[in-house]
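Structure, as structure tokens:
The values are calculated or read from the model by the stated rules, or taken from the named source; none is laboratory data. Note that this is a predicted model, so its numbers are computed, not measured. Note that each Cβ is placed from the backbone with ideal geometry, even for glycine, and that neighbours are counted across all protein chains shown.
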């Protein structure tokens with residue numbers, strides 16, 4: 001089974017109102033103001049999955065600051081998994097700084113979503129304020145035994161829409177603050193995984209952490225799959241396409257060129273995610 005752990009969906013009404021929404025949320029504006037930044041529907045995603053041979057995808061929305069926006073978006077994710085129960089698994093999203101965040105997470109989990117994410121604060125990164133603001137949500141996820149998916153990015157290199165000012169220390173402190181949670185760090189954890197080579201502390205701190213591959217073809221050479229597996233273990237890597245940013249086939253081509261065994265590719269492409277999601 002191939003499972004894509006990182007995809008984004010938008011309600012049709014949001015796609016039709018893009019011009020209005022870019023004025024309502026600075027983060028949305030930074031990433032989606034260009035008409036070339038695609039906003040995909042559930043139907044679009046399922047068609048892309050069929051084309052690429054993906055069996056199931058984890059779908060989520062956007063970390064809106066306004067309650068009315070993240071509630072509507074999460075409702076669309078709920079509607080989508082009800083329409084495609086055998087193809088889609090849904091996570092809920094909202095701004096970590098929203099005062100109603102924990103309540104929204106509980107509402108969504110009660111109604112059938114399977115985790116929380118992809119959460120991000122694009123303007124500030126993972127400040128102490130953000131980490132503490134997530135305490136109720138993280139406690140809820142720990143009690144419910146559901147994954148929490150966090151946006152991270154590398155603190156060096158080229159600038160692109162959605163790149164936050166987070167640091168590796170901030171990402172590491174977040175993981176240390178919530179050791180009871182099953183945490184998925186998007187985009188290879190911003191490179192935090194490389195510190196799994198350290199002899200003391202770090203490897204143990206990362207014991208409950210997984211890393212997804214979202215946007216990898218834009219960020220790293222294909223060797224990242226082999227090197228990451230050697231450092232943190234192939235059982236800790238989750239295939240995530242960041243659809244509709246990149247289609248799955250490009251990842252499969254890169255994995256095939258990276259010198260992985262078929263068993264390692266199977267772990268990355270599905271069995272790790274199946275175990276984490278309980279599917």
Practice task
Give me a count of the residues in segment 202-220 that are over 13 Å from the mean Cα position of the chain (by Cα) and part of a loop (DSSP other than H, G, I, E, B).
Solution key: 1
Practice task
State yes or no: is residue 9 within 28 Å of residue 130 (Cα to Cα), buried (at least 18 other Cβ atoms within 10 Å of the Cβ), touching a residue at least 60 places away in the same chain (Cβ under 8 Å) and in contact with a helix residue (DSSP H, G or I) (Cβ under 6 Å, 6 or more places away or on another chain)?
Solution key: yes
Handout entry: Close pairs (6 angstrom Cβ cut-off, 6 or more residues apart or separate chains): closer than 24 Å to residue 22 by Cα in segment 33-58, assigned to a helix (DSSP H, G or I) and at pLDDT 95 or above anywhere
Key = 42/80
Practice task
Quickly run through segment 128-170 and pick out the residues that are part of a loop (DSSP other than H, G, I, E, B), free of Cβ contacts under 8 Å to residues at least 60 places away in the same chain and surrounded by fewer than 17 Cβ atoms within 10 Å (Cβ to Cβ).
Solution key: 145, 156, 158, 159, 160, 165, 167
Practice task
Mind listing just one residue for me: the one in segment 171-183 that is out of contact with any strand residue (DSSP E or B) (no Cβ under 9 Å at 6 or more places or on another chain) and over 17 Å from residue 133 (Cβ atoms) and, of those, surrounded by the most Cβ atoms within 10 Å (Cβ to Cβ)?
Solution key: 172
Completion exercise
Residues in segment 174-189 that are touching a residue at least 40 places away in the same chain (Cβ under 8 Å), part of a helix (DSSP H, G or I) and farther than 26 Å from residue 250 by Cβ total 2
Completion exercise
Of (1) surrounded by 17 or more Cβ atoms within 10 Å (Cβ to Cβ); (2) without any contact (Cβ under 8 Å) to a residue 60 or more places away in the chain, residue 239 satisfies every one except (2)
Exercise for the section: State whether one or more residues within segment 190-201 are in contact with a helix residue (DSSP H, G or I) (Cβ under 7 Å, 6 or more places away or on another chain), at pLDDT 95 or above, outside any helix (DSSP H, G or I) and surrounded by 21 or more Cβ atoms within 10 Å (Cβ to Cβ). Expected result: no
Completion exercise
In segment 246-279, anything surrounded by 18 or more Cβ atoms within 10 Å (Cβ to Cβ), in contact with a helix residue (DSSP H, G or I) (Cβ under 7 Å, 6 or more places away or on another chain) and not in a loop (DSSP other than H, G, I, E, B) is listed as 248, 251, 254, 255, 264, 265, 267, 268, 272
